[in-house]
1. Within region 60-80, take every residue that is part of a strand (DSSP E or B) and more than 28 Å from E22 (Cβ to Cβ) and give me the one that is farthest from ligand 2 (Cβ to nearest atom).
2. Of the residues that sit in region 47-59 and are of a type outside the set (K, R) and open to solvent by 10 Å² or more (accessible area, probe 1.4 Å), which one is farthest from ligand 2 (Cβ to nearest atom)?
3. Regarding K51, is this residue within 15 Å of the chain's Cα centre (by Cα), modelled with pLDDT of 95 or more and not aromatic (F, W, Y)?
4. List the pairs whose first member sits in region 29-58 and is farther than 19 Å from V176 by Cβ, whose second member is more than 16 Å from ligand 2 (Cβ to nearest atom) and of a type in the set (S, T, Y), and whose Cβ atoms are under 7 Å apart, counting only residues at least 6 apart or on separate chains?
5. Before we move on, is A147 within 12 Å of ligand 2 (Cβ to nearest atom) and more than 16 Å from the chain's Cα centre (by Cα)?
6. So which residues in region 60-113 are open to solvent by 50 Å² or more (accessible area, probe 1.4 Å) and of a type in the set (S, T, Y)?
7. Condition check: away from ligand 2 (no atom under 16 Å from the Cβ), open to solvent by less than 50 Å² (accessible area, probe 1.4 Å) and either acidic (D, E) or not in a loop (DSSP other than H, G, I, E, B) (or both). Does E9 satisfy that?
8. Taking strands (runs of 3 or more DSSP E) that do not extend beyond region 129-211, which have at least 1 residues that are at pLDDT 95 or above and open to solvent by 20 Å² or more (accessible area, probe 1.4 Å)?
Amino acid sequence: MGKNEYKAEWEELAQVKKELAERDWFMGTSGNLAIRVSSSPASFLVTASGKDKRKQTDEDFLLVDENGEAMEETNLRPSAETLLHSRVFRNSQAGCSLHVHTVPNNVVSELYGDRGEITFRNQELIKAFDKWEEDASLIIPIIHNHAHIPRLTEEFSVYATEEKGAVLIRNHGITVWGRNAFEAKKLLEACEFLFQYHISLLSLKNISQTI
Ligand SMILES: CSC[C@@H](O)[C@@H](O)C(=O)COP(=O)(O)O
Ligand SMILES: [Zn+2]
């Protein structure tokens, strides 16, 4: 497959990458992004490993197959966490999968890590996940940060069954996916809003108890 055949997907992912960089969500070379190019068998573009994702270059992404193996001759290494994106594309019809490390997603993952999940309710932004009822709740699972990526992928894949979703990896980051790039970014932003709100509220409650 020539580069021209996935030009549209490349440009779409480059735009998402630029917007997430503007939010400063790629600290210390962390984060990786993926967008589907084909279905059955799945192939996708994924960020090259170890790069500063705030920079835009012609070597930002490479095409990989559904096992996360490069499909073209390249010196680039696919992201260390390619297998997680690969599971999203194999398990569902999702079109885009995003992974970022932020202080709020790490703090929430540690605060609720022992419970294995965090639940949000009475929050307008859970509607981003199609939770429309007044008493609806959004549960985001929190998994252990296994250093062994195949092990991490196994635990992650239990939750990566639908075309949209989010999983927190404890003291590591979040992976969010959706039907397309627009939806994946929307869901990621919604999650980060919920985390920031939750941490702010907890901090203020703690302070107000002392005055
Ligand atoms: C430099 S710490 C971050 C990595 O260990 C990893 O978690 C990450 O998100 C980025 O890895 P990468 O291989 O560049 O996709
Ligand atoms: Zn990571």
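1. Step one: list which residues in region 60-80 are part of a strand (DSSP E or B), which gives 61-65, 70, 78.
Checking the rest, the ones that are also more than 28 Å from E22 (Cβ to Cβ) come to 65, 70.
Working: D65: 21, A70: 20 Å.
Among those residues, the one meeting the criterion is D65.
2. D58
3. Details: within 15 Å of the chain's Cα centre (by Cα): no; modelled with pLDDT of 95 or more: yes; not aromatic (F, W, Y): yes.
No; evaluated as a whole, the condition is false for this residue.
4. Filtered contacts from region 29-58: V37/Y6; V37/S43.
5. Values: within 12 Å of ligand 2 (Cβ to nearest atom): yes; more than 16 Å from the chain's Cα centre (by Cα): yes.
So A147 passes the test.
6. Within region 60-113, T74 is the sole residue that qualifies.
7. Details: away from ligand 2 (no atom under 16 Å from the Cβ): yes; open to solvent by less than 50 Å² (accessible area, probe 1.4 Å): yes; either acidic (D, E) or not in a loop (DSSP other than H, G, I, E, B) (or both): yes.
Considered against the rule, which asks whether it is away from ligand 2 (no atom under 16 Å from the Cβ), open to solvent by less than 50 Å² (accessible area, probe 1.4 Å) and either acidic (D, E) or not in a loop (DSSP other than H, G, I, E, B) (or both), E9 comes out as yes.
8. Details: elements: 137-143, 165-169, 173-178.
Because the criterion is at least 1 residues that are at pLDDT 95 or above and open to solvent by 20 Å² or more (accessible area, probe 1.4 Å), the strands (runs of 3 or more DSSP E) in region 129-211 that meet it are 137-143.
The values are calculated or read from the model by the stated rules, or taken from the named source; none is laboratory data. Worth saying up front: this structure is predicted, and the values here are computed from it rather than measured. Because the Cβ atoms are built from the backbone with ideal geometry, glycine has one as well, and the counts that use them run over all protein chains shown. To get the accessible areas, we keep the full protein, side chains included, count just its heavy atoms, and leave off ligands, DNA and RNA. Shrake-Rupley method; radii C 1.70, N 1.55, O 1.52, S 1.80 Å.
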